[in-house]
Every structure is written in structure tokens, then in C-alpha cells.
Amino acid sequence: MKRSLFLFLLMSFVSLQGQAQMRGYPFAPRVHSWRIGLEAGVGVLGSDLTKESHDYHFRPMANLEIAYVFHRNAAIGAFGGAGMMRSTQDAFESNTDFIQGGLLLELRIPLLRGTTFPILQLRGGAFSMRPDLRIGRNLYEFTPSTHLFYGGAAGVEVISWRRLGIRALFGVTYTSTDKWDMVIRGDDRDGYSWMMLSLHYYFQIRR
């Protein structure tokens with residue numbers, strides 16, 4: 001009786017360990033694979049005008065990304081893209097175009113037999129922006145300037161056939177400048193929140 005119970009518990013433990021090792025990976029991208037993706041969405045500026053007026057404007061932005069899956073739950077990559085930001089308050093109206101590029105570190109957790117992955121990302125890099133400021137009928141245009149940024153994002157990705165991934169990410173970006181709307185008040189640094197939908201393709205380079 002004791003021997004049968006011991007064998008039953010041992011087999012159950014081995015079975016659970018096998019499920020724990022296999023759970024989440026049958027459809028996951030292979031380790032040492034690459035991915036290329038296009039993400040597009042909207043951003044909302046957090047600047048002096050926005051903070052004072054609480055009038056938020058959604059503006060388009062997009063990035064192209066390439067990444068390397070160095071661990072079954074982690075990837076590193078680079079991205080670059082462009083976007084627009086807008087803020088208003090009474091007679092003030094600011095519109096800023098920007099381009100950006102940087103690096104990312106991604107961690108993910110497999111769920112639902114490997115088809116769904118919650119994602120956490122850290123991002124950082126540099127961007128160049130060209131703001132303008134309209135006060136009533138007067139328009140002031142400023143020369144482009146380059147600054148640094150860093151931020152984080154969270155979301156979820158659904159992967160099929162270890163090849164195709166569709167994801168949604170929500171992130172916050174902090175920047176090293178207070179000049180997104182050319183209104184400088186205090187020591188605050190302007191930044192923006194964003195939401196992206198993206199399509200990714202995973203592939204391996206043959207040796």
C-alpha cells in the first residue's frame with residue numbers, strides 16, 4: 001500500500017513537472033530567433049499646457065522594430081519611428097513633430113499553452129523634435145533639438161505557429177526636456193503616454 005502510494009505520488013510529481021516545463025512553450029517563438037515588427041497607435045502629451053488645461057489630444061505615432069529572442073522569456077531589440085504631439089490651453093496651441101530611436105529589453109510570461117504572453121518592456125534612446133507654438137493668430141516656429149528619453153510599457157501578445165505575433169502595448173515615456181510645447185514653467189520634464197497595436201513576424205537565420 002505504501003509502495004503503491006509512493007509510486008503514485010512520484011508519477012504525479014513527474015507529470016506535474018513535465019507539464020510545468022512544457023506549459024506555455026509549444027507555440028512560443030524559438031530561442032535564438034529574430035523578429036521584425038511594425039507598431040502604430042496614438043500618444044498623449046503630458047506638458048505644461050496639458051497639465052494646466054486637462055485637455056488631452058490623441059495624435060498618431062508609429063515604430064519599426066527588430067529584436068532578438070535570446071531566452072524563451074526575454075528579448076532585446078532596437079526600434080525607430082516618428083509621431084506628433086499636441087497640447088492646447090485657451091489661446092495657446094502647440095504642435096510638435098518628432099522622430100525617435102532607441103533600444104528595448106523585453107520580458108514575457110507564457111500563458112494558455114503558449115499562445116498568450118503578458119509583456120513588460122523597458123525602452124530608452126534619443127529623439128529629435130520640431131515644435132511650434134501658436135498664441136492667438138501668431139505662430140512661432142522653433143529649430144529642431146535632440147534630447148534623451150526612457151520609459152516602460154506593459155501589454156499582451158498572442159502568437160500563432162511560432163511565427164506571427166499580434167500585440168497591444170501601453171507605455172509611458174519620460175524625456176529630458178521641458179520644451180515640447182515651448183512653455184517652460186518650473187523644473188518639470190515633459191513626457192507622453194502611448195498605446196500601440198503591432199504585428200510581428202518571427203524567423204530564424206539559417207547557418
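Brief remarks on what is shown
- Segment residue 138-residue 30, extension gain: residue separation times 0.36 nm, minus the distance between their alpha carbons: 33.3 nm
- Between region 52-80 and region 111-164, the Cα center-to-center distance that results, in Å: 4 Å
- In terms of packing, defined here as the mean over residues of other Cβ atoms within 10 angstrom, the peptides 139-150, 191-202, 31-42 line up highest first as 191-202, 31-42, 139-150.
- Burial order of peptide ranges 75-87, 121-133 (average beta-carbon count within 10 Å, highest first): 75-87, 121-133
A short reminder: the numbers here are calculations on the coordinates, not readings from a lab. The structure displayed is predicted, hence computed values, not measured ones. No Cβ is skipped: glycine too gets one built from the backbone with ideal geometry, and neighbour counts run over all protein chains shown.
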